[in-house]
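**Q** First the structure, then my questions, so here it is.
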Amino acid sequence: MSDGRDPAAIHRAIEAVWRIESAKIIATLARKVRDVGLAEELAQDALVAALEQWPVEGLPDNPAAWLTQVAKHRALDRLRHVQLAERKAPEIGRELDALHTMAQADFAQAVDAALDDDIGDDLLRLVFTACHPVLSTEARVALTLRLMGGLTTDEIARAFLVPEATVAQRIVRAKRTLAEACVPFEVPRRHELEARLASVLEVVYLIFNEGYSATAGDDWMRPTLCDEALRLGRIVAELVPGEAEVHGLVALMEIQASRTVARVGASGEPVLLLDQNRARWDPLLIRRGLAALSRAESLGGALGPYALQAAIAACHARARTAGETDWARIASLYDALAALSPSPVVELNRAVALSMAFGPAAGLEVVNALRDEPALKGYHLLPTVRGDLLFKLGRHDEARREFERAASLTRNTREQALLRARADACGGNKP
């Protein structure tokens with residue numbers, strides 16, 4: 001145990017450890033107890049124990065191992081309690097025979113699963129379990145974000161642009177449904193993969209996005225989440241190498257992740273795309289991303305939503321300077337994306353591309369059409385984009401109000417500071 005006793009520092013350490021390690025702890029427990037809801041409950045019990053003991057005893061040398069061990073002990077206690085109840089049952093002989101038969105069957109299934117399982121990765125098993133077809137698509141994504149990303153229901157709600165209560169209900173119902181359906185904790189067999197792959201990709205994408213632009217808190221980014229999403233995406237790409245959209249998603253994440261260092265200034269402040277020092281972009285990640293995009297394109301057929309977004313990211317990656325960016329190409333790619341996968345957020349991004357290719361008035365026309373869109377009511381990027389376009393058109397008072405409104409909508413402190421600075425820069429009306 002560490003000698004540190006500062007309660008505030010210890011609580012920050014617990015929060016950090018939980019954010020980074022909770023998914024792995026839950027995944028390890030789920031493999032043992034075969035119940036995702038129970039696994040999360042046991043992990044939460046370990047977290048409570050840490051909150052009680054670490055401020056008194058100090059931080060353990062290996063906090064993640066400590067949490068995992070405590071959770072395993074809780075699982076063993078639960079198992080012993082169940083076994084004790086079984087021994088008290090009146091028909092213990094017949095029950096033991098039945099258990100013996102089941103054990104033999106389980107062993108045979110385990111051997112078969114081991115032979116058919118190419119990955120052996122608890123976190124990936126957790127993703128596929130949470131994405132089981134017995135759940136609705138919305139429930140699959142919300143549950144996996146909760147378990148895999150360690151995100152709060154509020155953060156997930158903002159990612160989905162839906163009320164927090166809706167997400168909380170989805171998660172509770174999802175865990176109950178998985179338990180009642182006795183969903184196995186395993187990577188699905190090959191013939192089941194396709195049906196569940198789209199949901200898995202959506203989950204990985206949203207985890208990456210939360211890491212790339214944190215919903216709330218004091219950090220502009222959460223690189224750990226980006227790294228985890230990239231790792232999972234690469235594993236899925238190895239599992240289903242013939243699926244173009246898997247490689248498209250990996251390409252998108254690799255290229256976006258290449259900008260991580262350049263997206264944050266010396267004091268942790270956000271640095272926007274056009275202001276970034278491109279010499280700081282990671283060339284290895286760019287090469288990996290472009291190779292993944294090439295692989296997606298080589299598989300034939302029309303590009304899917306992730307591959308189209310990767311192609312957009314590739315336009316930025318190939319431009320040596322911001323001024324060399326092929327915005328006309330990006331606008332056409334957004335046109336294709338909007339036709340294939342229409343959404344208010346895609347339309348907002350398309351407006352930005354149109355403004356860069358054909359002038360701010362062209363983009364503002366599209367943005368104004370989105371102002372009454374219910375899904376974007378609390379979405380801070382809508383007034384952010386509108387403010388930027390108004391500023392470029394010389395309408396500074398209106399721009400300032402939009403930036404102020406955007407700052408009031410985001411709960412990321414870094415983003416708030418950036419937006420307030422942009423509002424201040426508007427000053428009053430200027431010729």
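The values are calculated or read from the model by the stated rules, or taken from the named source; none is laboratory data. Here the structure is a predicted model, which means the values were calculated and not measured. Counting neighbours? That spans all protein chains shown, and the Cβs are built from the backbone with ideal geometry, glycine included. Accessible surface areas use protein heavy atoms only, side chains included; no ligands, DNA or RNA. Shrake-Rupley method; radii C 1.70, N 1.55, O 1.52, S 1.80 Å.
**Q** Of everything in the range 213-261, what is within 24 Å of R280 (Cα to Cα) and among the acidic types (D, E)? Give them in sequence order.
**A** Once the filter is applied, which keeps residues that are within 24 Å of R280 (Cα to Cα) and among the acidic types (D, E), the range 213-261 yields D218, D219, D227, E228, E254.
**Q** Report the residue count in the range 245-276 for those that are part of a helix (DSSP H, G or I) and open to solvent by less than 30 Å² (accessible area, probe 1.4 Å).
**A** 13
**Q** Which condition breaks for S355 when tested against (1) open to solvent by 20 Å² or more (accessible area, probe 1.4 Å); (2) at pLDDT 95 or above; (3) among the hydroxyl-bearing types (S, T, Y)?
**A** Result: S355 passes all but (1).
**Q** Out of all the residues in the range 383-431, which are part of a helix (DSSP H, G or I) and small (G, A, S)?
**A** G387, A399, A406, A407, S408, A417, A421, A423, A425 - these are the residues of the range 383-431 that are part of a helix (DSSP H, G or I) and small (G, A, S).
**Q** Can you find even one residue in the range 351-365 that is of a type outside the set (A, V, I, L, M, F, W, C), within 28 Å of A157 (Cα to Cα), in contact (Cβ under 8 Å) with a residue 60 or more places away in the chain and assigned to a helix (DSSP H, G or I)?
**A** Pass one, the range 351-365, residues of a type outside the set (A, V, I, L, M, F, W, C): 355, 359-360, 363, 365.
Those still in the list that are within 28 Å of A157 (Cα to Cα) too: 363.
Now restrict to residues that are in contact (Cβ under 8 Å) with a residue 60 or more places away in the chain: none.
So far as the range 351-365 goes, no, none of its residues is of a type outside the set (A, V, I, L, M, F, W, C), within 28 Å of A157 (Cα to Cα), in contact (Cβ under 8 Å) with a residue 60 or more places away in the chain and assigned to a helix (DSSP H, G or I).
**Q** Another question, if that's okay. Just one of E155, E202 is in a helix (DSSP H, G or I), touching a helix residue (DSSP H, G or I) at 6+ places or on another chain (Cβ under 9 Å), modelled with pLDDT under 85 and closer than 30 Å to E269 by Cα; which is it?
**A** On the way: E202 fails: modelled with pLDDT under 85.
Every option except E155 fails the conditions.
**Q** Please state which one of A179, A214, A168 is over 24 Å from V33 (Cα atoms) and not acidic (D, E). Lay out the reasoning, then the answer.
**A** On the way: A179 fails: over 24 Å from V33 (Cα atoms); A168 fails: over 24 Å from V33 (Cα atoms).
Testing whether each residue is over 24 Å from V33 (Cα atoms) and not acidic (D, E) leaves just A214.
**Q** Restricting the search to the range 125-138, which residues are open to solvent by less than 10 Å² (accessible area, probe 1.4 Å) and either in a helix (DSSP H, G or I) or among the polar types (S, T, N, Q) (or both)?
**A** The answer is L126, V127, F128, T129, A130.
**Q** Quick one: R34 ticks every box in (1) modelled with pLDDT of 85 or more; (2) surrounded by 17 or more Cβ atoms within 10 Å (Cβ to Cβ) except a single one, so which number is it?
**A** Every condition holds for R34 apart from (1).
**Q** Does A421 satisfy being surrounded by fewer than 16 Cβ atoms within 10 Å (Cβ to Cβ), small (G, A, S) and farther than 24 Å from R263 by Cβ?
**A** no
**Q** May I ask you to list the residues in the range 277-316 that are outside any helix (DSSP H, G or I) and either surrounded by fewer than 14 Cβ atoms within 10 Å (Cβ to Cβ) or free of Cβ contacts under 8 Å to residues at least 40 places away in the same chain (or both)?
**A** N277, W281, D282, G300, G301, A302
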